[in-house]
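J.: After the structure tokens below, expect a handful of questions from me.
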Amino acid sequence: MDNREPLTLTKGTPDEVCPIAKVIDMIGTKWTFLILRDLLIEGTMRFSDLLKCLDGISPKTLSLRLKELEEYGILTRTVYPEVPPRVEYTLTEKGKQLENIFIELKRFGLTL
């Protein structure tokens with residue numbers, strides 16, 4: 001059950017940063033949304049698996065997006081001391097909170 005207080009859409013004030021704008025800045029860059037989608041579906045993924053799933057993304061861009069998401073606290077990066085090194089990416093609890101947004105976007109997309 002959701003114990004948070006209900007929210008309504010408001011414009012805010014000029015001296016405040018809009019919370020919606022902050023989220024769009026965080027996840028609205030090219031490829032970020034699809035990276036999040038795949039991690040929500042698959043759970044933990046390796047860099048090479050993400051690269052295969054995201055047809056057309058360059059390794060440099062994927063690396064940059066993963067680093068940004070880690071800095072925002074949306075995912076964690078785990079490096080295993082193996083040869084060759086194994087690195088896995090997993091959404092944090094904060095990242096998993098995005099799932100309902102993705103579900104609603106899918107629901108809307110199915111109506112188009």
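Each reported figure results from applying straightforward, stated rules to the coordinates on display, with no laboratory input. Everything numeric in this text was worked out from a predicted model, so none of it was measured. Note that each Cβ is placed from the backbone with ideal geometry, even for glycine, and that neighbours are counted across all protein chains shown.
J.: Dividing the Cα radius of gyration by the Kirkwood radius, what Rg/Rh value follows for the chain? The partial results should precede the final answer.
T.: Values: Rg = 16.1 Å, Rh = 15.8 Å.
My calculation of the ratio gives 1.02.
J.: Once you place label points 7 Å from the Cα toward the Cβ at THR76 and LYS30, how far apart are they in nm?
T.: That separation, rounded to one decimal, is 3.2 nm.
J.: A 24 angstrom limit on the alpha carbon distance is what I want to check against. Which of LYS30/LYS106; LYS22/LYS52; LYS30/LYS60 exceed it?
T.: Numbers: LYS30/LYS106 18 Å; LYS22/LYS52 29 Å; LYS30/LYS60 13 Å.
Over 24 Å apart, Cα to Cα: LYS22/LYS52.
J.: Also: Just how large is the dipole of the chain about the Cα centre, in debye to the nearest 20, putting +1 at every Lys and Arg Cβ and -1 at every Asp and Glu Cβ?
T.: On the way: 16 positive and 17 negative charges, 61 e Å.
Dipole magnitude for the chain comes out near 300 debye.
J.: Relative to the longest principal axis of the chain, what angle (0 to 90°, nearest 10) does the C-alpha long axis of helix 59-71 take?
T.: Tilt relative to the chain: about 50 degrees.
J.: Which order do peptides 98-111, 55-68, 31-44, 9-22 fall in by mean Cβ count within 10 Å, highest first?
T.: Details: 98-111: 10.9, 55-68: 14.0, 31-44: 16.8, 9-22: 8.9.
Going by the mean number of other Cβ atoms within 10 Å, highest first, we get 31-44, 55-68, 98-111, 9-22.
J.: So how tilted is helix 32-42 from the main axis of the chain? Cα-based, degrees 0 to 90, rounded to 10.
T.: Tilt of helix 32-42: around 70 degrees.
J.: Report the extension gain between ILE20 and THR90 in nm, rounded to one decimal, defined as 0.36 nm multiplied by the number of residues separating them, less their alpha carbon distance.
T.: Details: separation 70, 0.36 × 70 = 25.20 nm, distance 2.38 nm.
Gain in length upon complete extension: 22.8 nm.
J.: Another question, then. Answer with one residue from THR78, SER48, THR13: the one whose Cα lies farthest towards the positive end of the charge dipole of the chain, charges on Cβ with Lys, Arg +1 and Asp, Glu -1.
T.: After comparing all options, I get SER48.
J.: Nearest 10 degrees, 0 to 90: what angle lies between the long axis of helix 99-109 and the longest principal axis of the chain (Cα atoms)?
T.: Between helix and principal axis, roughly 80 degrees.
J.: What is the spread of the Cα atoms of region 2-50 along each of their three principal axes, largest first, in whole Å?
T.: 43, 28, 12
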